[in-house]
Ligand SMILES: Cc1cccc(C(=O)O)c1OC(=O)C1CC1
Ligand SMILES: [Zn+2]
């Protein structure tokens, strides 16, 4: 069969109509976008099929699986963000295929990068709705893949919290609005995490209040709040524990963190190394005596990281 790309239409989980790129193969359409890197391919892993599950197809290019529509359309949005803003071609920089499986497991309140692909649960309808419905979730999961291919931050303790924070920072920058993570998919509360006020959802907002226990790989989803707050202060500005920081905007701030990720962070980087990496990236971009470098220093001082 001759394979040509086509434009599919469908409603996302929240009932919003969207268009996305599909592949026509004879009289069938596949949820496969061959116009981006080596492809964006979206599967259904319903009923516990072995991953990635069943490639989604349609006979008329009109799609009614909202979770799949969102996963496919938002993965293209994340791909375009990395390509257009950072010149990065997919997770590995070489256009590697972006594979997503929706309906993973049973009422799974989780989203995951499993080292090879993205997985999205449907949620149980109490805690979460289907997790691919929020672009910051897709940006978060795909960024775990980018981090693995770059700094390789170890997923434990402080380096693990940085891995989590970098994923939140990229996911938030891709969504490009508010400072909440997962706000479109959480049902039992307004959001999963707040970068503006981490304490709203049980995260520390300064280093001295960090979690030092062993649960959740040493608190990777808890202590990420400290670095998320530093990003918020650099991007938006604010006064935190008496330290006032002027914001430089989300767009400039995320460039500092992407450069830190690909040039300076290493598998065992801790919070202090994150501060140094962000200062060095700002120095590279704006000069040693720039206002931006001073803002980065102030933000990390505000969250107690020196
Ligand atoms: C919902 C969830 C549970 C456990 C791990 C993750 C994880 O990917 O670390 C997860 O996904 C997120 O945090 C996304 C950003 C909302
Ligand atoms: Zn994560």
Here is a check on your reading of the model: is residue 112 within 11 Å of ligand 2 (Cβ to nearest atom) and touching a strand residue (DSSP E or B) at 6+ places or on another chain (Cβ under 6 Å)? yes
In the list 125, 182, 145, 139, which residue meets the criterion of being away from ligand 2 (no atom under 13 Å from the Cβ) and modelled with pLDDT of 95 or more? 125
Scanning the stretch 231-251 for residues that are assigned to a helix (DSSP H, G or I) and touching a helix residue (DSSP H, G or I) at 6+ places or on another chain (Cβ under 7 Å), which turns out farthest from residue 284 (Cα to Cα)? 233
Looking for something closer than 28 Å to residue 290 by Cα and either assigned to a loop (DSSP other than H, G, I, E, B) or in contact with a strand residue (DSSP E or B) (Cβ under 7 Å, 6 or more places away or on another chain) (or both) - is there at least one such residue anywhere in the stretch 206-221? yes
Out of curiosity, is residue 188 in a loop (DSSP other than H, G, I, E, B) and in contact (Cβ under 8 Å) with a residue 60 or more places away in the chain? yes
Pull out all pairs, ordered by first then second residue, where Cβ-Cβ is under 7 Å, the residues are six or more apart or on different chains, the first lies in the stretch 145-169 and is touching a residue at least 60 places away in the same chain (Cβ under 8 Å) and at positive phi, and the second is assigned to a helix (DSSP H, G or I) and within 11 Å of ligand 1 (Cβ to nearest atom). none
So which strands (runs of 3 or more DSSP E) stay within the stretch 1-78 end to end and still have 3 or more residues that are more than 22 Å from residue 108 (Cα to Cα)? 3-11, 17-25, 28-30
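Anything in the stretch 165-178 that is within 13 Å of the chain's Cα centre (by Cα) and assigned to a loop (DSSP other than H, G, I, E, B)? List them, or say none. Show your work before the answer.
Here is the first cut: in the stretch 165-178, the ones within 13 Å of the chain's Cα centre (by Cα) are 165-176.
Hit for the stretch 165-178 is 176, nothing else.
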Please count how many residues of the stretch 191-205 are assigned to a loop (DSSP other than H, G, I, E, B) and over 10 Å from residue 226 (Cβ atoms). 6
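If the requirement is being within 16 Å of ligand 1 (Cβ to nearest atom) and touching a helix residue (DSSP H, G or I) at 6+ places or on another chain (Cβ under 8 Å), which of these qualifies: 218, 202?
On the way: 202 fails: touching a helix residue (DSSP H, G or I) at 6+ places or on another chain (Cβ under 8 Å).
Of the residues listed, the single one that is within 16 Å of ligand 1 (Cβ to nearest atom) and touching a helix residue (DSSP H, G or I) at 6+ places or on another chain (Cβ under 8 Å) is 218.
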If only one of 77, 85, 18 is surrounded by fewer than 22 Cβ atoms within 10 Å (Cβ to Cβ) and farther than 28 Å from residue 124 by Cα, which one is it? 85
Taking residue 99 as the residue in question, decide whether it is touching a residue at least 24 places away in the same chain (Cβ under 8 Å), surrounded by 17 or more Cβ atoms within 10 Å (Cβ to Cβ) and assigned to a loop (DSSP other than H, G, I, E, B). no
Under the condition of being modelled with pLDDT of 95 or more and surrounded by fewer than 17 Cβ atoms within 10 Å (Cβ to Cβ), which residue from the stretch 25-38 is farthest from residue 65 (Cα to Cα)? 38
Taking the stretch 140-159 and the residues there that are over 15 Å from residue 115 (Cα atoms) and in contact with a helix residue (DSSP H, G or I) (Cβ under 8 Å, 6 or more places away or on another chain), the one that is surrounded by the most Cβ atoms within 10 Å (Cβ to Cβ) would be 158
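The values are calculated or read from the model by the stated rules, or taken from the named source; none is laboratory data. Just so it is clear, the structure is predicted and the values come from calculations on it, not from any experiment. FYI the Cβ positions are ideal-geometry reconstructions off the backbone, even for glycines, and counts take in every protein chain you see.
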